[in-house]
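Colleague: Mind having a look at this structure? Questions to follow.
The values are calculated or read from the model by the stated rules, or taken from the named source; none is laboratory data. Everything quoted here is computed from the prediction, not taken from an experiment. Reconstructed Cβ throughout: ideal geometry from the backbone, glycine too, with neighbour counts over all protein chains shown. Accessible surface areas use protein heavy atoms only, side chains included; no ligands, DNA or RNA. Shrake-Rupley method; radii C 1.70, N 1.55, O 1.52, S 1.80 Å.
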Amino acid sequence: MSLAADLPAATRRSSDLSKHPAEVFAEAEIHPVTVTRRDGEALVLMSQREAKGRACLLNFAAQLITVTLDDNGSLADRMSKAFPWMLALTPADRETCAQDLVDAARASFSTDQPHLAIAELTSWKETATAIAAGLGSADLDWLDADEIVERP
């Protein structure tokens, strides 16, 4: 059983929605709310951010399933086919990225927290984009730990 199944379900009657819409909408901005109805199937009210996160996670799951059905090459090689931006990473970073993405997806699915996988995917994609733009080879001037820098 997943951790998400242990969380209390937010359920409201349709009369709550009509009598106290501000309360129900405020609650739905925090987490999905199931609205029960006498005359039909229950509905789920959630923020667009929540719905988009779930859709992104489902899309990511579909891509991972496609990767697992291919048996040619390593996990990193197969994932590079699904996510071509991974080719900007070094072979060692591709291996790390592939495993990090799988681990984040497992965490997201088991906790019903889409942001875990989406944040990991976004982070690696932005890293690959920066490397492809040549930002990975720039010389950096590091600040000493005890040097205080004023706010701009």
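Colleague: Out of curiosity, is Ala55 crowded, with 18+ Cβ neighbours inside 10 Å and under 30 Å from His31 (Cα atoms)?
Modeller: no
Colleague: Now for a separate question. Of the residues in region 121-140, how many are touching a residue at least 40 places away in the same chain (Cβ under 8 Å) and open to solvent by 70 Å² or more (accessible area, probe 1.4 Å)?
Modeller: Qualifying residue count, region 121-140: 3.
Colleague: Report, by residue number, each residue of region 92-121 that is acidic (Asp, Glu) and over 12 Å from Leu57 (Cβ atoms).
Modeller: Correct list: Asp93, Glu95, Asp100, Asp103.
Colleague: Does Phe109 fit the bill of being under 30 Å from Ser47 (Cβ atoms), open to solvent by 80 Å² or more (accessible area, probe 1.4 Å) and touching a Leu at 6+ places or on another chain (Cβ under 9 Å)? Even if it seems obvious, please write down each step before you answer.
Modeller: Working: under 30 Å from Ser47 (Cβ atoms): yes; open to solvent by 80 Å² or more (accessible area, probe 1.4 Å): yes; touching a Leu at 6+ places or on another chain (Cβ under 9 Å): yes.
Here the answer is yes, as Phe109 does meet what is asked.
Colleague: I'd like to check which helices (runs of 4 or more DSSP H) are fully inside region 4-114 and have at least 2 residues that are touching a residue at least 24 places away in the same chain (Cβ under 8 Å) and within 24 Å of Ala130 (Cβ to Cβ).
Modeller: Counting at least 2 such residues, we get 48-69, 91-111.
Colleague: Yes or no: Ile131 assigned to a helix (DSSP H, G or I) and over 20 Å from the mean Cα position of the chain (by Cα)?
Modeller: So Ile131 passes the test.
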